[in-house]
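We did not get these values from a lab; they are worked out from the coordinates using the rules stated. These numbers were taken from a predicted model, which means no experiment stands behind them. Here the Cβ positions follow ideal geometry from the backbone for every residue, glycine too, while neighbour counts run over all protein chains shown.
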Amino acid sequence: IPPPPFDILAVSASLGALGAGLAKVYEVNIDAALLKTLGKAMARGMFGVLKAYAVVFGIGEILKWIPGGVIVAYLTQYPVIGWITYSTGETFKQYFRIIKTEGRMLTAEEVKKLAEDALKKRLENFF
């Protein structure tokens, strides 16, 4: 993981690519502006669940700049990034499934709730 703020940019770009890739699989047309809107809604939903981990994540960001701190940073951040990535994929899958099966677009608030629920479910299975 690169140093801040490039790590957040790298993860965000990867998750955007995940959404775009899943859109192709589900044969849903999606543009960059909609991906950005969906990403923001998902981030708000997941942040509500990960508030406690946000502190750990922030400490990890700081530790990357301290010699030897990189190891601790990786140990704290990798699980969180994994949870977020899994939950993002699940949220995109649900979003595209609803578009295909129900023929309707979801609001940002509905996407936020999907992301929140996906992350909660993932954490329940983890702990």
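Sort 116-122, 30-36, 15-21 by the packing proxy (mean of other Cβ within 10 Å over each peptide's residues), most packed first.
Most protected by this proxy first, the peptides run 116-122, 15-21, 30-36.
Compare the peptides 102-114, 78-90 by average per-residue count of other Cβ atoms within 10 angstrom and give them in order, highest first.
Top to bottom by mean Cβ count within 10 Å: 78-90, 102-114.
Given the Cα-Cα distance of Glu27 and Ala13 and 0.36 nm per residue of separation, how much length would full extension add, in nm?
3.0 nm
Please compute the length gained on full extension between Ile62 and Glu110, using 0.36 nm multiplied by the number of residues separating them and subtracting their Cα-Cα distance. Each step should come with its number before you reach the end.
Working: separation 48, 0.36 × 48 = 17.28 nm, distance 3.36 nm.
Extra length from Ile62 to Glu110 when fully extended: 13.9 nm.
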